[in-house]
Amino acid sequence: MSTSTSLVPVQATPLADMQFPHEKTLKHASRLAIEQDKPILLDYYNDTINGKAFMGEDSETKEKMLVRSAEEYTSTIQPRGIFKVETDFIVITENSIYIIHGSTKKKTITAPSQ
């Protein structure tokens with residue numbers, strides 16, 4: 001009773017158009033993920049390269065988070081939760097570990113009320 005399943009990517013991006021984190025970054029992020037039992041997320045990586053996402057800091061509370069839009073942002077970045085590794089940053093939030101590009105822009109934001 002064997003069934004065949006074919007997986008077809010919805011929007012395939014050619015590998016030549018994608019950029020990837022440095023191997024050293026992935027190794028350090030893996031160690032942190034095991035130590036802190038948090039998932040590693042890469043969904044902000046290419047968006048930070050393309051300027052579609054940035055690191056926001058609230059001018060009053062000094063809370064930091066990764067931001068795509070007013071509706072799409074991460075949980076708060078932990079104190080001392082940003083590490084520079086090669087050409088990337090490892091960012092630790094309350095729930096996850098993000099890898100973003102070192103060229104990520106920083107902007108002042110008004111953080112959403114909790």
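The values are calculated or read from the model by the stated rules, or taken from the named source; none is laboratory data. These numbers were taken from a predicted model, which means no experiment stands behind them. Every residue, glycine among them, receives a Cβ derived from its backbone with ideal geometry; neighbour counts consider all protein chains shown.
Observations on the structure shown:
- Among the residues of segment 87-108, not a single one is among the acidic types (Asp, Glu), more than 11 Å from the chain's Cα centre (by Cα) and at pLDDT 95 or above.
- Qualifying residues in segment 28-44 (those that are within 15 Å of residue 89 (Cβ to Cβ) and not small (Gly, Ala, Ser)) - the one modelled with the lowest pLDDT: 43
- Residue in segment 59-81 that is farthest from residue 31 (Cα to Cα), counting only those that are surrounded by fewer than 16 Cβ atoms within 10 Å (Cβ to Cβ) and touching a strand residue (DSSP E or B) at 6+ places or on another chain (Cβ under 6 Å): 59
- In segment 96-114, the residues that are free of Cβ contacts under 8 Å to residues at least 40 places away in the same chain form Cβ pairs under 9 Å with partners that are buried (at least 18 other Cβ atoms within 10 Å of the Cβ) and acidic (Asp, Glu), at six or more places apart or across chains, as follows: 102/88.
- The residue pairs whose first member lies in segment 41-63 and is outside any loop (DSSP other than H, G, I, E, B), whose second member is small (Gly, Ala, Ser), and whose beta carbons are closer than 8 Å, counting only pairs six or more residues apart or on different chains, are 41/96; 47/53; 48/103; 49/103; 56/111; 58/111.
- The sole residue among 69, 103 that is out of contact with any Asp or Glu (no Cβ under 8 Å at 6 or more places or on another chain), assigned to a loop (DSSP other than H, G, I, E, B) and closer than 20 Å to residue 18 by Cα is 103.
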